[in-house]
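Participant: Let me give you the structure first, and then I'll get to my questions.
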Amino acid sequence: MINANKILGNIKSDQSLRSKYQEMSKSGNVENISVARVESERSRMRKVSDKGTEIALIMPPGSCLNHGDVVLLTGEKMVVVQREPENVALVTVRHNIPEDHILETA
C-alpha cells in the first residue's frame, strides 16, 4: 500500500504538473482514484486506483480533494484525483416575482 499525505498541486492550474501529466500519460504511468464529493473533505481514506494500486490518503486537516489534484508523484507513477460526477438540481427563479416572495418560492 502506498501512503499519500498531501496535495502536490493540480494538473488544471499548474503548468509543470500538466506537462508531467501529459508526458506520463503517454507512457501509461498515470493512475486515477475516484473520489465522491462527500468524501473529498475526509482526512483519511483508502482508495484503489484504476490500475489496482492501493493508496492510503492521510491528508492534513482542512484539505479538500478536487478534480485533477495530484496526490502522488514519483519517477514511475502519478496518481490523480477524479471527482465522481453527481446529479444536481438547477432552480431558476422568474424575474417577475416580488422580492418578498423570493424565499417562499425557493
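The values are calculated or read from the model by the stated rules, or taken from the named source; none is laboratory data. Everything numeric in this text was worked out from a predicted model, so none of it was measured. Counting neighbours? That spans all protein chains shown, and the Cβs are built from the backbone with ideal geometry, glycine included. The protein model used for the area step is the full one, side chains on, heavy atoms only, and it has no ligands, DNA or RNA in it. Shrake-Rupley method; radii C 1.70, N 1.55, O 1.52, S 1.80 Å.
Participant: So in the chain, what percent of DSSP beta bridges are antiparallel if you round to the nearest 5? Before the final figure, lay out the partial values.
Facilitator: Working: 10 of 19 bridges.
Bridges in the chain are about 55 percent antiparallel.
Participant: With the dipole of the chain worked out from charges on the C-beta (+1 for Lys and Arg, -1 for Asp and Glu) around the Cα centre, which of Pro60, Asn87, Ile102 lies farthest toward the positive end?
Facilitator: Selected residue: Pro60.
Participant: Right, another one. So if I place +1 on the C-beta of Lys and Arg and -1 on the C-beta of Asp and Glu, and nothing else carries charge, what would the dipole magnitude of the chain be about its Cα centre? I want it in debye, nearest 20. Write down the numbers at each step before the final one.
Facilitator: Numbers: 14 positive and 14 negative charges, 101 e Å.
Roughly 480 debye, rounded to the nearest 20.
Participant: OK, next. Carbon-plus-sulfur fraction of the accessible area of the chain, 1.4 Å probe, in percent?
Facilitator: Answer for the chain is 49 percent, counting heavy atoms of protein chains only.
Participant: What's the local net charge at Glu54, with K and R +1, D and E -1, over the other residues with C-beta under 10 Å away? Don't skip to the end; give the middle numbers.
Facilitator: On the way: positive: Arg46, Lys47; negative: none.
So the surrounding residues net to +2.
Participant: In square angstrom, what is the accessible area per residue of the chain with a 1.4 angstrom probe?
Facilitator: Details: 7280 Å² over 106 residues.
Roughly 69 Å² per residue, with all protein chains present.
Participant: Right, here's the next one. Taking every pair of alpha-carbon atoms in the chain, give the share separated by more than 18 Å as a whole percent.
Facilitator: Taking all Cα-Cα pairs of the chain, the fraction more than 18 Å apart is 54 percent.
Participant: Quick one: how many lysine pairs in the range 1-96 have C-alpha atoms under 16 angstrom apart, if they're 8 or more apart or on different chains?
Facilitator: Numbers: Lys6/Lys47; Lys6/Lys77; Lys12/Lys20; Lys20/Lys77; Lys26/Lys51; Lys26/Lys77; Lys47/Lys77; Lys51/Lys77.
Lysine pairs satisfying the spacing and distance rule in the range 1-96 number 8.
Participant: Over the chain, calculate the relative contact order: mean separation of alpha carbon pairs under 8 Å at least 6 apart, over the residue count, as a percent.
Facilitator: Details: 171 pairs, mean separation 33.2, N = 106.
Dividing the mean separation by the residue count of the chain yields 31 percent.
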